[in-house]
Amino acid sequence: MSYLTRLRRSAVAVAALGAVALIAAGCSGSNSSDESSGEALSGQVVWADYGGATNETRQTAYFDGFTEETGVDVVSTDIEDAVYMSMLEGDEGDYSIFQASAAEVLPETENLLEVPEEAQGDLLPDNLKPYYIGGFVFGIAQGWLTDTFADGGPQDWADFFDTTTYPGKRAWPGSPGSFDASYEIALLADGVAAEDLYPLDIERAEAKLDTIRDDLVFYTSYPEVQSLLTSGSVSIAVTVTGQFTALQNAGEDVTVQWNQAFSVPSGFVAQADVDNEAAVEALATYMNDPERQAVFSENTGYGPVNSAVFDYLDDDVAANLVNSPEHENVLEWDNDWRADNYDDLLNSYTTWLAG
């Protein structure tokens, strides 16, 4: 397999593998024990995410092997907003581990489990490292079918708003909770420097979005973007970069503009008093192994949170990951500001969408 074609190992990789080996050595079979606590690993971990191909890849990259080595069943279920938001605030819920954005996690860290150091991704921001399990990095960028612009497409967000030079409709997030980088994109297009984005000027951003509102085609689920592009309904799309990867995997020639793309950390958390804590921590460490993360990144197009993963990826695979070392002009959100102002962003975007 291509993720094994490069055999260089960094010190981080060796440390992570060593930590997982300790767990595996004491955890083979349902009666195995956790080295750090002496507890037997058994039972199950209920994992809540958004399903689909990404969950299937987690099953093959992580869960199947973890169950085989430890005897702990990882049971996947579709995440429900009301359940996980309540759990973030400390209420009881059905999930052992559940997906949550940085803006949702940061205000609630006192309610969350801190995972072992060997389970923490070194590419995550310091204030998220202790809490994220199975972390990954997704990109938000603009992309198009390459032959749409034979002479080259937009080079930045200002070009995205230039519908004269780059004609055609634009696919744009149409679900209130998926405002993603909408305000940041609009402000960059309006001439705000990246280092001056925060605090976001929401009113200015909405005014800029209004200038191309008639050229926007709103989607309410990410997979819609693929149909909008391949049908010719839009010429350019703004979305999570995994959708462009899916099109490329299906044989489409897609150009992704990495300049001014956004690199966004995400992942999963557990409550501080989670049931079967030993199994949860063991799974967290297992998922931080660079070879396993390489399998996940290669098949999903999501970037890793362990820097050693890049030692296991072919160059062409790494080039399609937003946090690849070669992407020097990728931007990052101010997760703290967005966390503090999440409700304002959500309410504002909801109102703007309603027109």
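Under 5 Å between amide hydrogens, built in the peptide plane, is the criterion, and for Asp122 it picks out Ser307 among residues at least 5 positions away or on other chains.
Ala53 label point, 7 Å along Cα→Cβ, cut-off 11 Å on backbone N: hits in segment 228-262? Residues 242-252 qualify, since their backbone N sits under 11 Å from the label point.
Neighbour counting of Cβ atoms within 10 Å sorts the residues Asp215, Asp159, Asp94, fewest neighbours leading, into Asp94, Asp215, Asp159.
Potential lengthening of the chain between Asp126 and Thr164 amounts to 9.4 nm, from the contour at 0.36 nm per residue minus the alpha-carbon distance. From the alpha carbon centroid of segment 108-159 to that of segment 220-285 is 9 Å. Put a dot 7 Å past the Cα of Ser231, heading toward its Cβ, do the same for Asp81, and the two dots end up 2.4 nm apart. Any idea what diffusion coefficient the chain gets from Stokes-Einstein, in µm²/s, Kirkwood Rh on alpha carbon pairs, 20 °C, 1.002 mPa s? It comes out at roughly 101 µm²/s.
Any read-out appearing in this document is the output of simple, stated calculations on the displayed coordinates, not a laboratory observation. Because the structure is a prediction, the values reported are computed rather than measured. Using ideal geometry, Cβ is built from the backbone for each residue, glycine included, and neighbour counts are taken over all protein chains shown.
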